[in-house]
Amino acid sequence: MSITAIVINVFALVSLLVAFIKSKEKAVRSLKMAGMSFLRILPMILLIVVIVGLLLGFVPPDQIAKFIGEQSGVFGVLLIGSIGAVIHMPSLIAFPLAASLLEGGASIMSAAAFITTLTMIGTIYLPMEIKILGKEMALLRNGLSFAVAITISLLMGLIL
(Lines give C-alpha, C1' and ligand atoms only; values in the text may rest on other atoms or scores of the structure.)
Protein backbone atom coordinates (compact mmCIF):
# COMPACT_ATOMS: atom_id res chain seq x y z
CA MET A 1 0.00 0.00 0.00
CA SER A 2 1.33 3.44 -0.90
CA ILE A 3 2.08 6.07 1.70
CA THR A 4 -0.70 8.25 0.26
CA ALA A 5 -3.27 5.48 0.70
CA ILE A 6 -2.10 4.92 4.27
CA VAL A 7 -2.38 8.62 5.10
CA ILE A 8 -5.87 8.86 3.57
CA ASN A 9 -7.08 5.74 5.41
CA VAL A 10 -5.64 6.88 8.74
CA PHE A 11 -7.26 10.29 8.26
CA ALA A 12 -10.61 8.64 7.47
CA LEU A 13 -10.41 6.37 10.52
CA VAL A 14 -9.44 9.23 12.85
CA SER A 15 -12.29 11.34 11.44
CA LEU A 16 -14.71 8.47 11.98
CA LEU A 17 -13.48 8.07 15.55
CA VAL A 18 -13.96 11.81 16.19
CA ALA A 19 -17.46 11.60 14.70
CA PHE A 20 -18.33 8.71 17.03
CA ILE A 21 -17.01 10.64 20.03
CA LYS A 22 -19.04 13.74 19.11
CA SER A 23 -22.29 11.96 18.26
CA LYS A 24 -22.70 8.24 17.96
CA GLU A 25 -26.15 8.57 16.35
CA LYS A 26 -24.96 10.94 13.62
CA ALA A 27 -21.91 8.79 12.93
CA VAL A 28 -24.02 5.66 12.54
CA ARG A 29 -26.49 7.53 10.32
CA SER A 30 -23.58 8.78 8.18
CA LEU A 31 -22.19 5.26 7.83
CA LYS A 32 -25.62 4.00 6.76
CA MET A 33 -25.89 6.78 4.17
CA ALA A 34 -22.40 5.99 2.89
CA GLY A 35 -23.28 2.32 2.64
CA MET A 36 -26.45 3.08 0.69
CA SER A 37 -24.52 5.39 -1.66
CA PHE A 38 -21.97 2.65 -2.21
CA LEU A 39 -24.69 0.14 -3.01
CA ARG A 40 -26.26 2.58 -5.50
CA ILE A 41 -23.00 3.06 -7.43
CA LEU A 42 -21.86 -0.57 -7.15
CA PRO A 43 -23.60 -1.73 -10.36
CA MET A 44 -21.94 1.11 -12.29
CA ILE A 45 -18.54 0.27 -10.80
CA LEU A 46 -18.94 -3.39 -11.70
CA LEU A 47 -20.02 -2.50 -15.23
CA ILE A 48 -16.99 -0.24 -15.70
CA VAL A 49 -14.68 -2.93 -14.31
CA VAL A 50 -16.12 -5.42 -16.80
CA ILE A 51 -15.78 -2.95 -19.68
CA VAL A 52 -12.19 -2.11 -18.73
CA GLY A 53 -11.39 -5.80 -18.38
CA LEU A 54 -12.85 -6.54 -21.80
CA LEU A 55 -11.08 -3.55 -23.32
CA LEU A 56 -7.72 -4.56 -21.90
CA GLY A 57 -8.36 -8.23 -22.70
CA PHE A 58 -9.38 -7.75 -26.32
CA VAL A 59 -7.35 -4.69 -27.26
CA PRO A 60 -3.65 -5.49 -27.23
CA PRO A 61 -1.31 -2.96 -25.57
CA ASP A 62 0.33 -2.18 -28.92
CA GLN A 63 -3.07 -1.03 -30.27
CA ILE A 64 -3.66 1.13 -27.20
CA ALA A 65 -0.19 2.61 -27.69
CA LYS A 66 -0.88 3.11 -31.41
CA PHE A 67 -4.06 5.14 -30.89
CA ILE A 68 -3.40 6.95 -27.60
CA GLY A 69 0.29 6.33 -26.92
CA GLU A 70 3.27 8.65 -27.24
CA GLN A 71 3.53 8.25 -31.01
CA SER A 72 -0.15 9.13 -31.56
CA GLY A 73 0.59 12.77 -30.70
CA VAL A 74 -2.15 15.36 -30.68
CA PHE A 75 -4.49 13.03 -32.62
CA GLY A 76 -4.44 10.53 -29.74
CA VAL A 77 -5.03 13.28 -27.21
CA LEU A 78 -7.99 14.61 -29.20
CA LEU A 79 -9.37 11.08 -29.68
CA ILE A 80 -9.29 10.11 -26.00
CA GLY A 81 -10.37 13.64 -25.04
CA SER A 82 -13.45 13.25 -27.23
CA ILE A 83 -14.21 9.89 -25.64
CA GLY A 84 -13.82 11.41 -22.18
CA ALA A 85 -16.14 14.26 -23.12
CA VAL A 86 -18.91 11.87 -24.18
CA ILE A 87 -18.62 9.20 -21.48
CA HIS A 88 -20.36 9.75 -18.18
CA MET A 89 -18.74 8.04 -15.19
CA PRO A 90 -17.68 9.03 -11.69
CA SER A 91 -14.14 10.31 -11.24
CA LEU A 92 -13.68 7.54 -8.70
CA ILE A 93 -13.76 5.08 -11.59
CA ALA A 94 -11.97 7.29 -14.13
CA PHE A 95 -8.67 7.36 -12.23
CA PRO A 96 -8.20 3.56 -12.10
CA LEU A 97 -9.30 3.36 -15.74
CA ALA A 98 -6.71 5.98 -16.71
CA ALA A 99 -4.08 4.03 -14.75
CA SER A 100 -5.04 0.87 -16.65
CA LEU A 101 -4.72 2.75 -19.93
CA LEU A 102 -1.29 4.03 -18.88
CA GLU A 103 -0.20 0.49 -18.05
CA GLY A 104 -1.57 -0.60 -21.43
CA GLY A 105 0.61 1.86 -23.33
CA ALA A 106 -1.32 5.15 -23.32
CA SER A 107 0.66 8.36 -22.94
CA ILE A 108 0.42 10.64 -19.92
CA MET A 109 -1.08 13.29 -22.19
CA SER A 110 -3.83 10.89 -23.24
CA ALA A 111 -4.61 9.86 -19.65
CA ALA A 112 -4.69 13.51 -18.59
CA ALA A 113 -6.95 14.39 -21.54
CA PHE A 114 -9.32 11.56 -20.62
CA ILE A 115 -9.60 12.60 -16.98
CA THR A 116 -9.84 16.35 -17.60
CA THR A 117 -12.45 16.09 -20.35
CA LEU A 118 -14.40 13.55 -18.33
CA THR A 119 -14.60 15.91 -15.37
CA MET A 120 -14.84 19.26 -17.18
CA ILE A 121 -17.26 18.53 -20.01
CA GLY A 122 -20.77 17.32 -19.50
CA THR A 123 -22.25 16.34 -22.83
CA ILE A 124 -24.81 14.25 -20.96
CA TYR A 125 -25.91 17.43 -19.18
CA LEU A 126 -25.87 19.56 -22.33
CA PRO A 127 -29.67 19.63 -22.81
CA MET A 128 -30.12 20.86 -19.24
CA GLU A 129 -27.34 23.42 -19.66
CA ILE A 130 -28.95 24.70 -22.86
CA LYS A 131 -32.24 25.05 -21.02
CA ILE A 132 -30.66 26.97 -18.14
CA LEU A 133 -27.80 28.88 -19.79
CA GLY A 134 -29.03 29.12 -23.35
CA LYS A 135 -27.64 27.29 -26.37
CA GLU A 136 -24.82 29.73 -27.12
CA MET A 137 -23.51 29.88 -23.55
CA ALA A 138 -23.76 26.11 -22.99
CA LEU A 139 -21.89 25.32 -26.21
CA LEU A 140 -19.31 28.02 -25.43
CA ARG A 141 -18.74 26.61 -21.94
CA ASN A 142 -18.29 23.07 -23.24
CA GLY A 143 -16.09 24.19 -26.13
CA LEU A 144 -13.84 26.28 -23.90
CA SER A 145 -13.72 23.46 -21.36
CA PHE A 146 -12.59 21.06 -24.08
CA ALA A 147 -9.89 23.47 -25.25
CA VAL A 148 -8.67 24.02 -21.69
CA ALA A 149 -8.72 20.26 -20.98
CA ILE A 150 -6.62 19.53 -24.07
CA THR A 151 -4.22 22.35 -23.16
CA ILE A 152 -3.87 20.93 -19.64
CA SER A 153 -3.15 17.47 -21.01
CA LEU A 154 -0.52 18.81 -23.43
CA LEU A 155 1.13 20.71 -20.58
CA MET A 156 1.07 17.55 -18.43
CA GLY A 157 2.85 15.73 -21.23
CA LEU A 158 5.52 18.42 -21.34
CA ILE A 159 5.97 18.57 -17.58
CA LEU A 160 5.83 14.85 -16.84
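Only one residue in Ile130, Ile87 is open to solvent by less than 80 Å² (accessible area, probe 1.4 Å) and within 16 Å of the chain's Cα centre (by Cα). Which one? Talk me through it step by step, then tell me what you get.
Details: Ile130 fails: within 16 Å of the chain's Cα centre (by Cα).
After applying the criteria, what remains is Ile87.
With open to solvent by less than 50 Å² (accessible area, probe 1.4 Å), modelled with pLDDT of 90 or more and out of contact with any Ser or Thr (no Cβ under 9 Å at 6 or more places or on another chain) as the only criterion, which of Ala12, Ala27 stands out? Let's see the steps before the verdict.
Values: Ala12 fails: open to solvent by less than 50 Å² (accessible area, probe 1.4 Å).
Selected residue: Ala27, the only one of Ala12, Ala27 that is open to solvent by less than 50 Å² (accessible area, probe 1.4 Å), modelled with pLDDT of 90 or more and out of contact with any Ser or Thr (no Cβ under 9 Å at 6 or more places or on another chain).
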Original post:
From the list Leu139, Leu155, Leu92, which residue is part of a helix (DSSP H, G or I) and at pLDDT below 90?
Top reply: Leu92
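Taking the condition more than 23 Å from Leu101 (Cβ to Cβ) and either aliphatic (A, V, I, L, M) or touching a Lys or Arg at 6+ places or on another chain (Cβ under 8 Å) (or both), does Leu17 pass? Write out each step before concluding.
Values: more than 23 Å from Leu101 (Cβ to Cβ): yes; either aliphatic (A, V, I, L, M) or touching a Lys or Arg at 6+ places or on another chain (Cβ under 8 Å) (or both): yes.
It is true that Leu17 is more than 23 Å from Leu101 (Cβ to Cβ) and either aliphatic (A, V, I, L, M) or touching a Lys or Arg at 6+ places or on another chain (Cβ under 8 Å) (or both).
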**OP:** Kindly provide the set of residues from region 95-122 that are surrounded by fewer than 22 Cβ atoms within 10 Å (Cβ to Cβ) and assigned to a loop (DSSP other than H, G, I, E, B), ordered by number.
**Re:** Gly104, Gly105, Gly122
**OP:** May I ask you to list pairs of residues, at least six apart or on different chains, whose Cβ atoms are under 9 Å apart, with the first in region 40-59 being surrounded by 14 or more Cβ atoms within 10 Å (Cβ to Cβ) and the second being part of a helix (DSSP H, G or I) and acidic (Asp, Glu)?
**Re:** Leu56/Glu103
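Can we say Val77 is closer than 30 Å to Ala5 by Cβ and free of Cβ contacts under 8 Å to residues at least 12 places away in the same chain? Give the derivation first.
Details: closer than 30 Å to Ala5 by Cβ: yes; free of Cβ contacts under 8 Å to residues at least 12 places away in the same chain: no.
No; evaluated as a whole, the condition is false for this residue.
Could you check how many residues of region 36-68 are of a type in the set (D, E, K, R) and within 22 Å of His88 (Cβ to Cβ)?
1
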Original post:
Got a sec? Which of Met33, Met44 is within 17 Å of the chain's Cα centre (by Cα) and hydrophobic (A, V, I, L, M, F, W, C)?
Top reply: Met44
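The values are calculated or read from the model by the stated rules, or taken from the named source; none is laboratory data. The structure presented is a predicted model; accordingly, all values stated were derived computationally and were not measured. Note: ideal-geometry Cβ built from the backbone for every residue, glycine included; neighbour counts use all protein chains shown. Protein only, heavy atoms only, side chains kept; ligands, DNA and RNA dropped before computing areas. Shrake-Rupley method; radii C 1.70, N 1.55, O 1.52, S 1.80 Å.
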